[in-house]
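Shown next, in structure tokens, is the structure this report addresses.
The values are calculated or read from the model by the stated rules, or taken from the named source; none is laboratory data. Every value quoted in this text rests on a predicted model; they were computed, and no experiment measured them. Ideal geometry is used to build each Cβ from the backbone, glycine not excepted, and the neighbour counts take in all protein chains shown. We work out accessible area using only protein heavy atoms, side chains counted, and drop any ligands, DNA or RNA first. Shrake-Rupley method; radii C 1.70, N 1.55, O 1.52, S 1.80 Å.
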Amino acid sequence: MKFPFLKEAITSLTKKPSTELYPLVKKEAPEGYRGRIKFHADKCINCGMCIRVCAPDAITRTIEKTEEGDKITFQFYLGQCTFCQMCADFCAKKAIELTKDYSMVGTDEEDFMVRGTFIKKLPPKPPVPPAGAAPAAAKAPAAAPAATEKPAEKAEDKKEEK
Amino acid sequence: MFKKLIEKGIEKSPWLLHINTGSCNGCDIELVSVITPRYDAERMGFKLAGTPRHADIVVVSGPITSQSKERLVRTLAQVPDPKVVVSIGSCPRSCNVFHGSYSVEGPLDRYCDVDVSIAGCPPKPEAIIDGLAKAVEILKTKRRGK
Amino acid sequence: MTNHLPIIAIQVLFLGAFISGLVGYKSNSLRKFVIFLATGTSLVLTLMLFKPVMMEGQIISYWMGNWVPVSDWAIGIGLEVDQLSLFFGLIVTVTVFLGAIYSFKYMSKDNGQDKYYVVFMMLAGSVLGFVFTGDLFNMYVMIEIMTFAAVGLTAFRNHKAESIEAAFKYLVVGSIGSSLILLGTVVMYAQFKTLNLAQITALLNNAQHTPVILFAFALMIGGYAVKAFIVPCHVVAPDAYAAAPSSVSMLFSGIVNKAGIYGMIRLVFVVFASMNLPSMQFLLVFLGTITMFIGVTMALAQSDFKRLLAFHSISQIGYVLTAIGLSTILGLTGGLYHALNHTLFKGLLFLCAGAVLYSTGTTDLNKLGGLAKKMPQTAGLFLVGAFAISGIPPFNGFVSKWLVYQGTFAKSMETNNPGYVFVTIVALIVSVMTLASFIKVTQSVFFGQLPKEFENAEEVPLSMRIPMWILAALCLVAGILPTAVIDYLIKPAVLAIKSAGNYVAVMMGQEYATKIYTEGIAIPKYDYAMAGWNPTSWLILFGVLLIAFALVALTGGFNPRHIVGAENNNAKFDVFFSGEAAEHSHVAGNDLFWGLKHNLKGYFHFMHDVHNGVVNDYALMVVSTTALVMLYLFLLVK
Amino acid sequence: MNNILQFLFYILIFPGFAFCVVAGLLIAGIDRKLVARMQKRIGPPILQPTYDFLKLLGKETIIPRHAARKVYLAAPVVGLLSLVTVSLFIPIFNFSIFDKPVADLIVIIYLLTIPGVALIIGGSASGSPYAGVGISREMVAILSYELPLVIVLLTIGRKVGMALDGNITFSLKAIVDYQAQYGPMIAQWSMIPAAIALLLVIPCKVGSLPFDIAEAEIEICEGPLVEYSGPPLGIFKLNHAIKMFIMTSLFVTLFLSGAGTNFVALNVLIQFALAVVVTFISISVLKAITARLRVEQTFKFYWTYPTALALLSLVLVWLGL
């Protein structure tokens, strides 16, 4: 009969336990951990690539037509997510981020929803063309960032659940 | 006083029953790691019970496959009151990547009230500890409500 | 008046056989009445002997036809009831009475009942005659009647092949035993020209143990070993016990093998007065030890309820033989106590087996299960019997087994012989194994899941339960009042064993005895008192604790609100089977204890091969045992 | 009247029911803590068994459909009662509640089998196939450890009997007196193998880890306990804890006892402290470093090593050493 762990057991008695006191001492997840999704609605351009790459269909998008433009809501359902980071990787604008927050505990569905809403303005109605088309075409790219500025402010009220 | 003592006991000694309903074992391994020396859930009184009759908290992992559905329902019924059902990982919540499969009959809330869900695929052991702590609170309120 | 009681008690039983044969085929109830009256009268008569014999210490002698000894030479047949005889006589009458009551309902499904009762009463009368008689040849006659009655009863359910087979085996081996006894008797008569036990005792007291006497002695030991089913002469017992109706199996274990034990005691202690020889003590202790060990291990391997009980009978007889082989006061007390207890609990267990057979039609442990729900009383009574035989306090088996352990160990201290410690160890292990095999029966018959085909099983009728209740109550009484039992039953019997001189004096007259026992009749002392075990105070403790528990329960410890019934059709009350639907998944008796059997498989295979069922081998075993005993006696007993 | 009250005090408070419960739960808690520390864990609080017990009192009791109701509910209580009864008979150094010897070692051994039997009968009555497997294992375990246990006790009886009056004695009081006179039993080198054998028997008797084949929660769902829930389960767990205390306390009385001090309270404390030490040596260490054996391995183990040790002791004592 051999008791290979006898010595170790006895010596462990006097040593400090290797247990982490988790709920008392908070713990940071390691670098690269894929936790709760954070959606930066201000960066999103509604390309829909994330939806296409999401294997479990955790991302839904609703589009409401409003006067100002399309009110677009991205909804990430953490209860369905595999945390594979595909969406973040494929996001051209880096609007999706998987944070290190691992503690995702909830009692109902709402606790697992990450939503982000922004309004995609309709392209401005083409004004009566002034003298030449070329300057108008050159102006439009300059106007586009200004147009996205506004919805970004509105996106402040996006729901960011803890 | 007796009631208070029992409540204290319930708070301090929740026993878990783990049901795997076709999970990929990711969550199961994380749950087991909760009772390893590193996380040592036993210091909070958690213990893995072998049978539903001993359990207070039922931890379900996996999408409910059609094979396991019947067994799950029967086992859940056999747990004595008060009991709390905890779903662990995304699968019982929504079937995750398996949803829509011909052999999956989830999600779990079709068959019982899920009291606490822990998201993650799989959740980190710390998250499981958080979820179980929440489950204990719910267990206490359930005991009081009786 | 008291002088006539023994012969009347015997004759009432034989008369009962005769009358029930005459009138029995006419009317069921008349026959039952006759049987009840006969067995009841016999019981009352032996009970009436209790006061003069057990309490006042009289020894009753009765010369048939008043053929009293002429000039110190016994010519007639005498009955002599000393305390030992009465002790066994009480066992016999109680067992017969309860067995008869049980038979009324139990046998009602069989045909040919009138014949059954005739043979039944013959068996009863012969054993009572055997223990009351004071005549060597009469002993042979009675045991011969007993054997043939037993064979007839074994074959009673002759529509089953097993019954016929068992009866045949029993007939062959039993006849060999009887012939050995007869041969021994003949040799004794040739030597002493008398058949009276008392006179032979007296003559042997002064005579040398010549080879002829040793020859006769060995033959008789062999013969009575067959009657008591002592290993290796036990081989027919399991078949016979299992094949006979349960009320008869109860008689077999209660009185038939007790008759063998009584014959042994009477011969080795009183007639041959040989038990102060260490070699004789060793012989009996050795036989007893292997008997109890082989009996119990064979029982562990059985899968039939009654066969299992039969092997336990053998095992328990081993205890009795071991204890009386010690030949100390403590040992004899333990041995006789265990003989009494064995009758009580084994009778109870056989009746339970009968009840199971009555309501389900089988005793196969692998088929039965879950009967506790259908037959709660039988299950409870069976548990009492099982605990008693396993020696769980406060039942009676504990007391007597404890005396046996004490006795063997004290003997080892006394003689400084380590062999007796070994006997103690074996006795304790055998006790645990007994528990194991009864756990097996409990699990496979009464608990677990109920097979579909027994869903309509019912509790047995009241008249079958009454004897079981009485036996269970006696088990408990003998367990919690050991001091009373020892004072009134065991102690006189033990003293009677030890005082052969008294036996002679009563039968042949005081003058004759003093002439023979020139240095005076030794008066034995009973130097043992129950000290280490006081069950009454223990029981009081138990009661107080129980009350305390009841209080806790009432004040909300176990809130009855939480105890949920199991009557509705909810999955919640299914047995947990890892979520599977509760199909029939009863662990059968054969599959229990594989861990044990696996480790001892060499031994079990050997035992399996020995019990091969070939009658020739069995006869050979009996004869060679006798030969070995003879050899042993010739070589070692001086 | 005074006598009865005193008797009631003995039974219900000390050294009976209440003391047993407290000591048993404490020892079980200490054992769990020690095992955890040996595995480098923090481990549950010492009161954890108490919490478990209290919780189980508040749970629902489900009686399965196949169960024999009365036996099923009575079994744990009978086991507890017999354990409490044993506690009354074990002397704590020179303190014993009976003046006369009422029960000796064999009685105690038989009474100590009752909790095992109660577990078996209760499990059997629950009607579960897992329980069927469990009870068979439990029974084989009883068969296994009983052989060395019996030999150890006979050795002690022989040793004490030879020293006192040449007569056999299994009286616990005589054993304690003997130790008061000649020093603790373990100090005699011929008794050391017996002591080791008894130390090896204790884990199986209380059903702790290398030998907890009957209650293997992973393979057979806690065996006989599979269907129990609520208060009856709580009482079984309590039995388990009390058995731990009683077995270790018995070891202390048999091998480490002596005259003790004049104060009962101090004696009790010493007894308890020694019992904790014995628990540590024989239960906790084994539990921390071993994995579960199979049933036939357990049987083989007990009928070889501890039996050989006990026999060695018996032979030594027989030779008068």
Name every residue in segment B:93-118 that is open to solvent by less than 10 Å² (accessible area, probe 1.4 Å) and at pLDDT 85 or above, in order of residue number. B:116, B:117, B:118
What residue, of D:161, D:157, is within 21 Å of residue D:88 (Cα to Cα), assigned to a helix (DSSP H, G or I) and at pLDDT below 85? D:157
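From the list D:43, D:29, pick out the single residue that is on the phi > 0 side of the Ramachandran plot and either among the hydroxyl-bearing types (Ser, Thr, Tyr) or open to solvent by less than 10 Å² (accessible area, probe 1.4 Å) (or both).
Details: D:29 fails: on the phi > 0 side of the Ramachandran plot.
None of the others qualify; the one that does is D:43.
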Inter-residue pairs, beta-carbon under 6 Å, first within 15 Å of residue C:109 (Cβ to Cβ) and in segment C:455-469, second open to solvent by 40 Å² or more (accessible area, probe 1.4 Å), 6+ apart: C:457/C:374; C:460/C:358; C:461/C:105; C:463/C:105; C:464/C:105
Tell me, please, whether a residue that is over 17 Å from residue C:289 (Cβ atoms), small (Gly, Ala, Ser) and either more than 10 Å from chain D (Cβ to nearest Cβ) or surrounded by fewer than 24 Cβ atoms within 10 Å (Cβ to Cβ) (or both) can be found in segment C:399-411. no
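State the number of residues belonging to segment A:107-118 that are crowded, with 20+ Cβ neighbours inside 10 Å and either within 14 Å of residue A:46 (Cβ to Cβ) or without any contact (Cβ under 8 Å) to a residue 12 or more places away in the chain (or both). Outline the logic, then answer.
Taking segment A:107-118 and keeping what is crowded, with 20+ Cβ neighbours inside 10 Å, we get A:112, A:114, A:116-118.
Right, trim to either within 14 Å of residue A:46 (Cβ to Cβ) or without any contact (Cβ under 8 Å) to a residue 12 or more places away in the chain (or both) and you get A:116-118.
Residues flagged as crowded, with 20+ Cβ neighbours inside 10 Å and either within 14 Å of residue A:46 (Cβ to Cβ) or without any contact (Cβ under 8 Å) to a residue 12 or more places away in the chain (or both) within segment A:107-118 amount to 3.
For (1) within 18 Å of residue B:97 (Cβ to Cβ); (2) touching a residue at least 60 places away in the same chain (Cβ under 8 Å); (3) not polar (S, T, N, Q), each residue gets a yes or a no:
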{"site": "A:6", "(1), (2), (3)": "no, no, yes"}
{"site": "A:13", "(1), (2), (3)": "no, no, yes"}
{"site": "A:17", "(1), (2), (3)": "no, no, yes"}
{"site": "A:27", "(1), (2), (3)": "no, no, yes"}
{"site": "A:35", "(1), (2), (3)": "no, yes, yes"}
{"site": "A:53", "(1), (2), (3)": "yes, no, yes"}
{"site": "A:65", "(1), (2), (3)": "no, no, yes"}
{"site": "A:69", "(1), (2), (3)": "no, yes, yes"}
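Can you find, within segment C:187-213, the residue that is farthest from residue C:613 (Cα to Cα) among those that are surrounded by fewer than 15 Cβ atoms within 10 Å (Cβ to Cβ) and among the β-branched types (Val, Ile, Thr)? If you could, list the steps in order and put the result at the bottom.
Restricting attention to segment C:187-213, the residues satisfying the condition of being surrounded by fewer than 15 Cβ atoms within 10 Å (Cβ to Cβ) are C:190, C:193, C:206-208, C:210-212.
Now drop any that are not among the β-branched types (Val, Ile, Thr), which leaves C:210, C:212.
On the way: C:210: 38, C:212: 34 Å.
This residue is C:210.
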Do you know which residues across segment C:13-33 are closer than 22 Å to residue C:142 by Cβ and not small (Gly, Ala, Ser)? C:13, C:14, C:15, C:18, C:19
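Condition check ((1) surrounded by fewer than 24 Cβ atoms within 10 Å (Cβ to Cβ); (2) touching a residue at least 24 places away in the same chain (Cβ under 8 Å); (3) more than 9 Å from every other protein chain (Cβ to nearest Cβ); (4) under 19 Å from residue D:248 (Cβ atoms)) across all residues:
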position: D:140; (1), (2), (3), (4): no, yes, no, no
position: D:152; (1), (2), (3), (4): no, yes, yes, yes
position: D:158; (1), (2), (3), (4): yes, yes, no, no
position: D:213; (1), (2), (3), (4): no, yes, no, no
Which one of the conditions (1) open to solvent by 10 Å² or more (accessible area, probe 1.4 Å); (2) in a helix (DSSP H, G or I) does residue C:150 fail to meet, given that it meets all the rest? (1)
Going residue by residue through segment C:41-51, is there one that turns out to be surrounded by fewer than 23 Cβ atoms within 10 Å (Cβ to Cβ), free of Cβ contacts under 8 Å to residues at least 40 places away in the same chain and under 23 Å from the mean Cα position of the chain (by Cα)? yes
Which residue out of A:59, A:63 is within 26 Å of residue B:121 (Cβ to Cβ) and either surrounded by 20 or more Cβ atoms within 10 Å (Cβ to Cβ) or of a type in the set (Val, Ile, Thr) (or both)? A:59
Quick check on residue D:102: is it at pLDDT 80 or above, farther than 21 Å from residue D:203 by Cα, facing chain C (nearest Cβ under 7 Å) and open to solvent by 10 Å² or more (accessible area, probe 1.4 Å)? no
Which of the strands (runs of 3 or more DSSP E) contained wholly in segment B:11-102 include at least 1 residues that are within 11 Å of another protein chain (Cβ to nearest Cβ)? B:15-20, B:84-88
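Only helices (runs of 4 or more DSSP H) wholly contained in segment D:1-86 count here; list those with 2 or more residues that are more than 9 Å from every other protein chain (Cβ to nearest Cβ) and touching a Ser or Thr at 6+ places or on another chain (Cβ under 6 Å). It would help to see each step written out before you state the result.
On the way: elements: D:2-12, D:17-38, D:48-57.
Because the criterion is at least 2 residues that are more than 9 Å from every other protein chain (Cβ to nearest Cβ) and touching a Ser or Thr at 6+ places or on another chain (Cβ under 6 Å), the helices (runs of 4 or more DSSP H) in segment D:1-86 that meet it are D:17-38.
Quick one: is residue A:59 closer than 27 Å to residue A:113 by Cβ and of a type in the set (A, V, I, L, M)? Don't jump to the end; show me each part of the working.
Working: closer than 27 Å to residue A:113 by Cβ: yes; of a type in the set (A, V, I, L, M): yes.
Judged against the criteria, residue A:59 is a match.
Mind checking which residues of segment A:78-94 are away from chain B (no Cβ under 14 Å) and part of a helix (DSSP H, G or I)? Reasoning before the result, please.
Just the residues of segment A:78-94 that are away from chain B (no Cβ under 14 Å), to begin with: A:88-94.
The answer is A:88, A:89, A:90.
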Can you tell me which residues in segment C:153-171 are outside any loop (DSSP other than H, G, I, E, B) and within 22 Å of the chain's Cα centre (by Cα)? C:153, C:154, C:163, C:166, C:167, C:169, C:170, C:171
Can you spot a residue in segment B:123-143 that is among the hydroxyl-bearing types (Ser, Thr, Tyr), buried (at least 16 other Cβ atoms within 10 Å of the Cβ) and at pLDDT 85 or above? no
Restricting attention to segment C:359-380, and to residues there that are crowded, with 24+ Cβ neighbours inside 10 Å and in a helix (DSSP H, G or I), which single residue is farthest from the other protein chains (Cβ to nearest Cβ)? C:378
Based on what the data block shows, is residue D:297 at pLDDT 80 or above, open to solvent by 50 Å² or more (accessible area, probe 1.4 Å), assigned to a helix (DSSP H, G or I) and not acidic (Asp, Glu)? yes
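Has segment A:49-66 got any residue that is closer than 30 Å to residue A:121 by Cβ, within 14 Å of chain B (Cβ to nearest Cβ) and in a helix (DSSP H, G or I)? Show your work before the answer.
Looking only at segment A:49-66, we keep the residues that are closer than 30 Å to residue A:121 by Cβ, and these are A:49-54, A:57-66.
With the extra rule that they be within 14 Å of chain B (Cβ to nearest Cβ), the set shrinks to A:53-54, A:57-60.
Then drop every residue that is not in a helix (DSSP H, G or I), which leaves A:53.
Yes, that holds for at least one residue.
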Residues of segment C:61-80 satisfying the condition of being of a type in the set (A, V, I, L, M, F, W, C) and either farther than 19 Å from residue C:502 by Cβ or buried (at least 21 other Cβ atoms within 10 Å of the Cβ) (or both): C:64, C:67, C:70, C:73, C:74, C:75, C:77, C:79
Within segment C:112-128, can one find any residue that is over 30 Å from residue C:503 (Cα atoms), out of contact with any helix residue (DSSP H, G or I) (no Cβ under 7 Å at 6 or more places or on another chain) and open to solvent by 10 Å² or more (accessible area, probe 1.4 Å)? yes
